[in-house]
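This report concerns only the one structure given below.
The values are calculated or read from the model by the stated rules, or taken from the named source; none is laboratory data. In this text, all values refer to a predicted model and were calculated from it rather than measured experimentally. Cβ: placed from backbone, ideal geometry, glycine included. Neighbour counts: every protein chain shown.
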Amino acid sequence: MNKNIAIILAILILPICFYYYLDKSQVASANKINNNQPSVIKFSSDMCSECQKMDKVVNQVYPKYANKITLVKVPVQKQTKENLALIKKYNVTLVPTLIFQKSNGQTMSKFEGAMSNAEFEGYLKRLLNE
């Protein structure tokens, strides 16, 4: 009987602990914005086809710039305080939206929709040259 209770508790508690861990990792990524490096803030949703296209572009191009530019992913479907504050701060109404910020925190550019690899890399190069 005790074994069954332990199994039932594990089934109920493990998903909650896993969700809590994942949720905290998103908060940490949103806090990365305030560093002394240029950054790209990417607002997206898992259910958006344009966001999935943009994810592929980011995954192909961004690794070359990973040590020079901070990438912050903000999933708009997660309604955390930090995500909602960022959505409001940058007036995000469409996804995907990319905010390109200089190292001093000033927004260089805001882009709504998906873009090609060449366009994304061009934005990253401009971000490093400013």
Inter-residue pairs, beta-carbon under 7 Å, first under 21 Å from GLY105 (Cβ atoms) and among the acidic types (Asp, Glu) and in region 71-94, second modelled with pLDDT under 95 and surrounded by 11 or more Cβ atoms within 10 Å (Cβ to Cβ), 6+ apart = GLU82/VAL27; GLU82/ALA30
Of all residues in region 109-128, which are in contact (Cβ under 8 Å) with a residue 60 or more places away in the chain and of a type in the set (A, V, I, L, M)?
-> ALA114, MET115, LEU124, LEU127, LEU128
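Confirm whether GLN26 is among the polar types (S, T, N, Q) and either modelled with pLDDT of 95 or more or part of a helix (DSSP H, G or I) (or both).
On the way: among the polar types (S, T, N, Q): yes; either modelled with pLDDT of 95 or more or part of a helix (DSSP H, G or I) (or both): yes.
Yes, satisfied.
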Please work out if THR107 is more than 16 Å from SER45 (Cβ to Cβ), loosely packed, with under 14 Cβ neighbours inside 10 Å and of a type in the set (Val, Ile, Thr).
-> yes
Could you figure out which of (1) closer than 12 Å to ILE41 by Cα; (2) charged (D, E, K, R); (3) at pLDDT below 95 isn't true of LYS81?
-> (1)
What tally of residues in region 45-74 results from selecting those that are farther than 18 Å from SER116 by Cβ and acidic (Asp, Glu)?
-> 1
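So which residues in region 33-71 are part of a loop (DSSP other than H, G, I, E, B) and crowded, with 17+ Cβ neighbours inside 10 Å? Give the steps one after another, and end with the answer.
Initial filter on region 33-71 (part of a loop (DSSP other than H, G, I, E, B)): 33-38, 45-48, 66-69.
Hits for region 33-71 are ILE33, PRO38, CYS48, ILE69.
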